[in-house]
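Let me begin by presenting the structure, written as structure tokens, before commenting on it.
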2 protein chains.
Amino acid sequence: MRGKSDENLRCDCSIVHQDIVKKVQGKMPPEEMLYDLAELFKVFGDSTRIKIIWALFEEEMCVCDIAYLLNMTQSAISHQLRVLKQARLVKPRRDGKNVYYSLDDQHIEEIFNQGLKHINE
Amino acid sequence: MRGKSDENLRCDCSIVHQDIVKKVQGKMPPEEMLYDLAELFKVFGDSTRIKIIWALFEEEMCVCDIAYLLNMTQSAISHQLRVLKQARLVKPRRDGKNVYYSLDDQHIEEIFNQGLKHINE
DNA sequence: ATAACAATTGAGCAACTATTCATATGTTCA
DNA sequence: TGAACATATGAATAGTTGCTCAATTGTTAT
């Protein structure tokens, strides 16, 4: 328990379980790590990108194929591939006029599977 | 290869690898499933919520404790807990004036661990 | 060189989201 | 009952995001 005199606290509760907070505080990973994790999941948090990734589970595809498969414009797909590329989730391979994208990560499939387990509960 | 006469296609490419698209199309999960998956990851895609979840890995906590731990307002935390609750990721337990939240899912930790593997590559 | 096509990029816009602020609801205790 | 406190909720707002449209870059083939 505490007085709220400490610092510039946003929490205005008069009673906090200090022991619990202390314990949890000691176990929290560094701020930056949690931020990066959120950034990664943010990338997964869009159904267009999920679809792109799922398609790439099966086969590498060029931008044009993906656009056709998802019935979206090349531009929209290209923008999303840029996001996925920046997150190091896909990698491009140019072949003539086409650019083929493929998955660049082993863990994605496992992450998706665990996600599906939650959904299907 | 195809003419682009088909339907109302958004993709204006003149050449699509139909064989690949067909194959991938057959493997795509139902639209709704992919949408739900994106919705789940969207919930993970915010560092405040990531922090809350990580804290709850360790111990159930009341709103007030979480707010104090993260140095945020009760209101902000309560709003986020609502999102987590709706996603069936946390569950509340009232004890007097306090409401204690705990994790309501076995898969979250595994999802996070796989996410971290990607980050630390 | 230049025409044709695939892909990328930047600006702009509509839709969404996380927080704040003010207020309401629930619970305990005097 | 009513004062005090913890939590929840609704409206408002600033910031973010996904798509479109237009223009550009990169590659091939004539």
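The values are calculated or read from the model by the stated rules, or taken from the named source; none is laboratory data. Here the structure is a predicted model, which means the values were calculated and not measured. Here the Cβ positions follow ideal geometry from the backbone for every residue, glycine too, while neighbour counts run over all protein chains shown. Please note that ligands, DNA and RNA were not included when accessible areas were found on the heavy atoms of the full protein model with its side chains. Shrake-Rupley method; radii C 1.70, N 1.55, O 1.52, S 1.80 Å.
Label position 7 Å from Cα toward Cβ: report the copy-to-copy distances for A:ASP95 in nm, one decimal, ordered from shortest.
6.1
As a test of the definition: with a 1.4 Å probe, what buried accessible area, both sides summed, do you compute for B against A, in Å² to the nearest 100? Don't skip to the answer; put the middle values down first.
On the way: alone 9540 and 9560 Å², together 12650 Å².
For B against A, buried area totals roughly 6500 Å².
So which residues in the stretch B:51-75 end up with at least 50 square angstrom less accessible surface once the other protein chains are there, compared with the chain by itself, probe 1.4 angstrom?
Buried-area filter returns B:LYS51, B:TRP54, B:GLU58, B:GLU59, B:CYS64, B:ASP65, B:TYR68, B:LEU69, B:ASN71.
Once you list every other residue whose beta carbon is under 12 Å from the beta carbon of A:VAL90, what net charge do they have if Lys and Arg are +1 and Asp and Glu are -1?
Working: positive: A:ARG49, A:ARG82, A:LYS85, A:ARG88, A:LYS91, A:ARG93; negative: A:GLU60, A:ASP104, A:ASP105.
The answer is +3.
Tell me which aspartates and glutamates have Cα within less than 15 Å of A:LYS22's Cα, excluding those fewer than 8 residues away on the same chain?
A:ASP6, B:GLU58, B:GLU59, B:GLU60, B:ASP65
Restrict the search to the stretch B:59-121; then list the chymotrypsin sites (Phe, Trp or Tyr not before Pro) that DSSP places in a loop and that have at most 10 other Cβ atoms within 10 Å of their Cβ. Each step should come with its number before you reach the end.
Details: sites: B:TYR68, B:TYR100, B:TYR101, B:PHE112; in loops: none.
Answer in residue order: no site qualifies.
Of the heavy-atom accessible surface of chain A (probe 1.4 angstrom), what whole percent is carbon and sulfur?
Numbers: 2830 of 6330 Å².
Roughly 45 percent, rounded to a whole number.
Could you please put A:ARG93, A:ARG10 in sequence from largest to smallest accessible area, using a 1.4 Å probe?
I get A:ARG10, A:ARG93, largest accessible area first.
For the stretch B:31-119, please report how many Lys pairs fall under 24 Å Cα to Cα, leaving out neighbours fewer than 8 apart on the same chain.
9
Could you identify which residue out of B:HIS17, B:HIS107, B:HIS79 has the top mean-square fluctuation in a GNM of chain B using Cα springs shorter than 10 Å?
Comparing B:HIS17, B:HIS107, B:HIS79 in the GNM, the peak value goes to B:HIS17.
Name the residue, out of A:ILE15, A:ILE50, A:ILE77, whose mean-square fluctuation peaks in a Gaussian network model built on chain A with Cα pairs under 10 Å.
Comparing A:ILE15, A:ILE50, A:ILE77 in a Gaussian network model of chain A, the most mobile one is A:ILE15.
Using a 1.4 angstrom probe with every protein chain in place, what is the largest-first accessible-area order of A:VAL99, B:VAL21?
Ranked from most to least accessible, the order is A:VAL99, B:VAL21.
Over the Cα atoms of the protein assembly as shown, what radius of gyration and what Dmax do you get, in Å?
Every Cα atom of the protein assembly as shown included, Rg and Dmax give 21.7, 74 Å.
Does chain B come out rounded, prolate or oblate by the C-alpha gyration tensor, with a ≥ b ≥ c the root eigenvalues, rounded set by a/c under 1.5 and, if not, prolate when a/b is larger than b/c and oblate if not? Show your work: numbers first, answer last.
Details: a/c = 3.25, a/b = 2.79, b/c = 1.16.
Taking the square roots of the gyration eigenvalues as a ≥ b ≥ c, chain B is prolate.
Counting only heavy atoms of the protein chains, get the accessible area per residue of the stretch A:41-119 (1.4 Å probe) and round it to a whole Å² value.
Numbers: 3400 Å² over 79 residues.
I get 43 Å² per residue for this part.
Between copies, how close do the A:GLU32 label points come, placed 7 Å along Cα→Cβ, listed in nm from shortest?
So the label point of A:GLU32 gives 4.4 nm to the other copies.
For A:MET61, which sequence-distant residues (separation of 5 or more, or a different chain) have an amide H within less than 5 Å of its own amide H, given hydrogens modelled in the peptide plane?
Under 5 Å from the amide H of A:MET61: A:TYR101.
Give me the extension gain from B:ASP12 to B:GLU60: residue separation times 0.36 nm, minus the current Cα-Cα distance, reported in nm with one decimal. Write out the running numbers ahead of the final one.
Details: separation 48, 0.36 × 48 = 17.28 nm, distance 5.33 nm.
This chain segment gains 12.0 nm when fully extended.
Sort shortest first the distances from B:CYS13 to its counterpart in every other copy, using label points 7 Å along the Cα-to-beta-carbon line, and give them in nm.
Shortest to longest, the spacings are 5.3 nm.
Taking θ = phi - 60°, what integer Hz values does the Karplus form 6.51 cos²θ - 1.76 cosθ + 1.60 yield along the stretch B:112-120, in sequence order, with x for Gly and Pro?
Karplus values, whole Hz, x for Gly and Pro: 5, 4, 5, x, 5, 4, 4, 4, 8.
When the helix-only estimate is applied to the protein assembly as shown (DSSP H runs of n ≥ 4, each -39,500 (n - 2.57), divided by the residue count), what is the mean residue ellipticity at 222 nm, nearest 500 deg cm²/dmol?
Numbers: 12 runs with 138 residues, N = 242.
Helices in the protein assembly as shown give a 222 nm mean residue ellipticity of -17500 deg cm²/dmol.
Grab the Cα-Cα distance for A:ASN71 and A:GLU121, subtract it from 0.36 nm times how many residues apart they are, and report the gain in nm with one decimal. Intermediate results must be reported in sequence, preceding the final value.
Working: separation 50, 0.36 × 50 = 18.00 nm, distance 3.08 nm.
Full extension of this stretch gives 14.9 nm more.
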